[in-house]
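The values are calculated or read from the model by the stated rules, or taken from the named source; none is laboratory data. Computed from a predicted structure; not experimentally measured. Here the Cβ positions follow ideal geometry from the backbone for every residue, glycine too, while neighbour counts run over all protein chains shown.
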Amino acid sequence: MITTPTISTDRLILRAPQPSDVDSFMAFYATDRSQYTGGPMNARQAWGFFGTEIGHWALRGFGMFVVTRKVDDAPLGIVGHWYPHGWPEKEVGWVLFDAASEGQGIAFEAATACIDHAWRVLKWDTIVSYIAHGNDASVALAKRLGAVLDTTAQQPKPDSPGYVYRHPRPEVLS
């Protein structure tokens, strides 16, 4: 049995992916907005990727949370912990499904909670965010979160390198 924690912030709930979330996931990955996170995908590919998100929890004991507002359970995106086989480091990543959610601080609020969870609960030694070249919004978010570009870090996809942003360890944990 997989036990997925729930994280609550001022405005958001970060919870386990549920089967009912698959339609929102698939709809996002069918659009050009998904270009920096592996898409666009056809329905079969997106469905398989959603299964990968759920399976990551079973294999690693952590994964990406579905982000919702406290006032309803509609998926806004996925944010959380990611470390698939073959990746050089553990990541905190973010994907917002709805363009209307951008500019409201949702990704910042959710990512801040996940970074804190990685340091304090998961006890990670390091945290990076892998960002595709051209994804200026994610670069801006990484910088807002205090992450610094690490040009010496190993790439998870050497054939299509991107940016690696390293998140600073809180002083209280140093």
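Tell me, which residue of region 56-71 that is aromatic (Phe, Trp, Tyr) and not in a strand (DSSP E or B) is farthest from the chain's Cα centre (by Cα)?
If we filter region 56-71 for residues that are aromatic (Phe, Trp, Tyr), which is where we start, we get 57, 62, 65.
Filter again for not in a strand (DSSP E or B), leaving 57, 62.
Values: 57: 13, 62: 11 Å.
Here the answer is 57.
Every residue, every condition in (1) surrounded by 13 or more Cβ atoms within 10 Å (Cβ to Cβ); (2) farther than 19 Å from residue 74 by Cα, yes or no:
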{"position": "4", "(1), (2)": "yes, no"}
{"position": "9", "(1), (2)": "yes, no"}
{"position": "15", "(1), (2)": "yes, no"}
{"position": "20", "(1), (2)": "no, no"}
{"position": "28", "(1), (2)": "yes, no"}
{"position": "34", "(1), (2)": "yes, no"}
{"position": "40", "(1), (2)": "yes, yes"}
{"position": "44", "(1), (2)": "no, yes"}
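Here is a yes/no grid of residues against (1) over 13 Å from the mean Cα position of the chain (by Cα); (2) modelled with pLDDT under 95; (3) closer than 19 Å to residue 35 by Cβ:
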| residue | (1), (2), (3) |
| --- | --- |
| 77 | no, no, yes |
| 84 | no, no, no |
| 100 | yes, yes, yes |
| 130 | no, no, yes |
| 138 | no, no, yes |
| 160 | yes, yes, yes |
| 167 | yes, no, no |
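Restricting attention to region 76-123 and to residues that are of a type in the set (D, E, K, R) and farther than 29 Å from residue 158 by Cβ, the residue that is surrounded by the most Cβ atoms within 10 Å (Cβ to Cβ) turns out to be 109.
Would you check if residue 109 is among the acidic types (Asp, Glu), within 15 Å of the chain's Cα centre (by Cα) and in a loop (DSSP other than H, G, I, E, B)?
no
Mind checking which residues of region 72-106 are of a type in the set (Gly, Ala, Ser), at negative phi and not in a helix (DSSP H, G or I)? Within region 72-106, 74, 93 qualify. Residue 35 satisfies every condition listed in (1) assigned to a helix (DSSP H, G or I); (2) polar (S, T, N, Q); (3) touching a strand residue (DSSP E or B) at 6+ places or on another chain (Cβ under 9 Å) except (3). Tell me, yes or no, whether region 121-128 has at least one residue that is part of a loop (DSSP other than H, G, I, E, B), over 19 Å from residue 57 (Cβ atoms), among the aliphatic types (A, V, I, L, M) and at pLDDT 95 or above. No: zero hits. When region 143-155 is limited to residues that are closer than 18 Å to residue 95 by Cα and in contact (Cβ under 8 Å) with a residue 24 or more places away in the chain, the one that is surrounded by the fewest Cβ atoms within 10 Å (Cβ to Cβ) turns out to be 144. Looking only at residues of region 46-56 that are closer than 24 Å to residue 70 by Cα and out of contact with any strand residue (DSSP E or B) (no Cβ under 7 Å at 6 or more places or on another chain), we find that the one that is surrounded by the most Cβ atoms within 10 Å (Cβ to Cβ) is 50.
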